[in-house]
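To start, the structure itself, in C-alpha cells.
We did not get these values from a lab; they are worked out from the coordinates using the rules stated. Please read these numbers as outputs of a predicted model, since none were measured by experiment. When we count neighbours, we look across all protein chains shown, and the Cβ atoms used for this are built from the backbone with ideal geometry, even at glycine.
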Amino acid sequence: MSITSFLEKLLDGVEVEWMPLGAVAEYSKARIDCKAVDKENYVGVDNLLQNRAGKTHSDYVPTEGRLIEYRIGDVLIGNIRPYLKKSWLADRAGGTNGDVLVIRPTHSALSSGYLHQLLTYDNFFLYNMQHSKGAKMPRGNKDKIMEYVVPVPCPKNFKKSLEIQAEIVCILDTFTELTAELTAELTARKKQYNHYRDRLLSFEEGEAEWKTLDCVCASITAGGDVPDNCAKGQTHPTSEFPYPIFANATGDNGLYGFADGYKIDSDAVTISARGAKVGYHTVREAKFTPIIRLIVLVPDKSLIITKYLNYALDMTPIGGDKGGIPQLTVPTVKKITVPIPYASDPERSLAEQERIVSILDKFDTLSTSVSEGLPREIALRQKQYAYYRDLLLSFPKPEEAAA
C-alpha cells in the first residue's frame, strides 16, 4: 500500500493542519528543588541515550539548586549535539537541567505519545541541526524549535484527532517495544557470555599454567608500512587487490584497504597498539598485511589455538604505556601471560581449548553477529520502525497537496 492510500484510509477524509510547535506545546516553566530527584528521575544530557533509545539511570545527581521540572508525558530532548538524537517520553516525574529541553503538549488535540513520535522523526533532528548554534558543541535553538511545524489531524475535532494519533502511536510503539525487548535480551546474553567466559577461563589450581605470549606464539611483530601497490579505502576484495590491509581498529574493524600481496600467511590475533583503541584485539584470517599501530600475534599452533588466544586476552588487562598517548610495544606484549590448560599434555590442552572456543563462539555469535544473532534482529526491527514511521508521519503539506 502506498503512503498516500494508507494515510487516506487512516484519516478517513479529515484535514491535517500544519501548526508551529509553539502553538500546540510549550517548554516546562515549573521548577523543583534538587532534593526531589535521585538517580532514577534526574535526567541530564549524559544519561539520555543516543538514537531515540530513552534514558538510563544517572551517575550524577545535583545536590544544590533548583531544576527544571518534567512530568509524566513530557518529551525530553538532549539540546547539546542534536545529531545524537537523544529523546525520552517521560514515564515518571522528575527534574533536569538547561541542557535538556522539556516539551509539553498544550493543545487538547495533541497527545504526548504522538508528539514524541513527531520529535523523534529524522525531519525534526535535521531541522534542529540546521538551526543549531555553535560548531564544536552545537546546541539547539529553542526559539527556532518552537517554530518547527507539526501535522495535527483535524485539530478542531480533538476526539477524532486523538483517535488517529493513538492508532499511529500504537503501530510505532509495537516496533519500539519489540526493539526494546530484543535489546534487553541482548544485554542479558552479553552478561551471560561474560559469566561463562570468566568461568571457562578461570582454572582451578594445577589445571593451567600461565605462560607469556613470547612462549606460546611463533612470532610477535609490529605492523609495517603501507604496501606500495594497494587500494586504500577499498571495502571488498577484487581480483587485482584480493588481500586485506589492517591498521589500528578504527572504521570498519581496522580495514585500511586491499593489496595484491600479503605479509602474514597464517591466521593470527592483532592488537591495536596506540591511541584510544589501544589493547583492542581480534582474530584475523590468514593472508593479510598489518600496518602502523598494530601488533600481530601468530600463535604456535602446537601450543595454542588462535581463537582461544583471543578469548584468553579478554581476561588479561592490556594497557598502554603511561603518559602521553597510550601505546603498546612488542617487548611489552611479549611479557603478557595467558592461561594454558593442561600445558604438560599438548593433545589434551588443545582439546580443552577447542571445547572452550566452541562454547564461547556460540555466545559470541548470538550477542555480536550482525548476520546471525540478536543484533541482526534489532537492526531489522529498527528498519521496520523507520519504514512505518515514514509511512505514518509523511502527511502532505498544504503546498504539496496543491501541486
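Details
- The length gained on full extension between residue 265 and residue 50, counted as 0.36 nm times the residue separation minus their Cα-Cα distance, comes to 73.3 nm.
- Dimensionless Rg/Rh of the chain - Kirkwood Rh, Rg from C-alpha atoms: 1.08
- Nearby lysines by direct alpha-carbon distance to residue 144 (threshold 16 angstrom, same-chain neighbours under 8 apart not counted): 133
- Sorted by Cβ density within 10 Å, fewest first, the residues 18, 88: 18, 88
- Look at the Cα gyration tensor of segment 73-194: its axes a ≥ b ≥ c give a/c of at least 1.5 with a/b at or below b/c, and that counts as oblate.
- The fewest-to-most ranking of 366, 89 by surrounding Cβ atoms within 10 Å reads 366, 89.
- The relative contact order of the chain comes to 14 percent, based on Cα pairs under 8 Å that sit 6 or more residues apart.
- For segment 375-386, 3J(HN,Hα) per residue [Karplus equation, 6.51 cos²θ - 1.76 cosθ + 1.60, θ = phi - 60°, Hz, x = Gly/Pro]: x, 5, 5, 5, 4, 5, 5, 5, 5, 4, 4, 4
- For residue 287, the aspartates and glutamates whose Cα comes closer than 19 Å to its Cα, not counting residues fewer than 8 places off in the same chain, are 225, 228, 240, 252, 260, 265, 267, 300.
- 10 Å Cβ shell holding at most 14 others, DSSP loop, trypsin sites (Lys or Arg not before Pro): longest site-free stretch of the chain: 157-300
- Listed residues 204, 26, 17, most fluctuating in the chain (Gaussian network, C-alpha, under 10 Å): 204
- Amide hydrogen proximity for residue 93: with H placed 1.01 Å from N in the peptide plane, the residues at 5 or more positions away or on another chain lying under 5 Å are 72.
- Overall form of segment 208-341 per C-alpha gyration tensor (a/c, 1.5; a/b vs b/c): oblate
- Going by neighbour counts of Cβ atoms within 10 Å, the residues 303, 392 line up, fewest first, as 303, 392.
- Annotation: amide H of residue 257 within the under-5 Å range of 233, 245, sequence separation 5 or more or interchain, hydrogens built in the peptide plane.
- Gyration tensor over the Cα atoms of segment 1-88: the corresponding equivalent ellipsoid has semi-axes (square roots of 5 times the eigenvalues, largest first) of 35, 17, 11 Å.
- Subset of 85/263; 211/277; 55/362 violating a 32 Å alpha-carbon distance limit: 85/263
- Against the chain, whose longest principal axis is taken from its Cα atoms, helix 158-200 shows a tilt of about 20°.
- With Cα atoms, 0 to 90° folded angle of helix 346-368 axis to the chain main axis: 10
- Ignoring aspartates and glutamates fewer than eight residues from residue 159 along the same chain, the ones with Cα atoms less than 16 angstrom from its Cα are 12, 15, 17, 167.
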